[in-house]
Amino acid sequence: MREGFSEAVKAAMRAGDKRRVSTLRLVQAAIKDKDIEARGAGRGEATTAEILALLQKMIKQRQESAAIYAEAGRAELAEQETAEAAIIAEFQPRQLDEAETRAAVVAAIAATGAGGIKDMGKVVGALRAEHAGSMDFAKASALVKELLAKG
């Protein structure tokens, strides 16, 4: 994954795509920060799951910023944030659709033996371990809560 970012930066530099180069360098810097954080905790480099979570967070931040800029009438800044989010999203695994997310949540509830809302953390933890980077955990958490409340 790390090599993919390096290769993408080189390709963007060759193509003269300044926005892509700057966005990918931001991602590389964030990954280095995550590596430093992990080494400080005595774990070596950041794991792929941690990197995927970081990418998800960066995409979400840019989407939120784009919405704020659009509300404020700053279309050019909103467009820039949206473009950066799209570039980062290229490195994410395919996102699960609603039906796949529901199936994964149901399977995680069954696998953990969750019986109520008090087991929500256990279920979400299992989902994070299994579907890092490919699931919107805000939506998944709401679905877990809904299904556990019924169950």
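A few points about this structure:
- Set side by side, the residues Leu24, Leu54, Leu96 differ, and just one is more than 27 Å from Ala140 (Cα to Cα) and either in a helix (DSSP H, G or I) or at pLDDT below 90 (or both), which is Leu24.
- Flag for Phe91 being aromatic (Phe, Trp, Tyr) and modelled with pLDDT of 85 or more: yes
- Filter result for Arg62 (part of a helix (DSSP H, G or I) and either at pLDDT 95 or above or under 20 Å from the mean Cα position of the chain (by Cα) (or both)): yes
- The range 131-145 residues that are among the hydroxyl-bearing types (Ser, Thr, Tyr) and outside any helix (DSSP H, G or I), paired with ones that are surrounded by 16 or more Cβ atoms within 10 Å (Cβ to Cβ) and at pLDDT 80 or above (beta carbon under 9 Å, 6 or more apart): Ser134/Leu52; Ser134/Leu96
The values are calculated or read from the model by the stated rules, or taken from the named source; none is laboratory data. Source: prediction; values computed, not measured. FYI the Cβ positions are ideal-geometry reconstructions off the backbone, even for glycines, and counts take in every protein chain you see.
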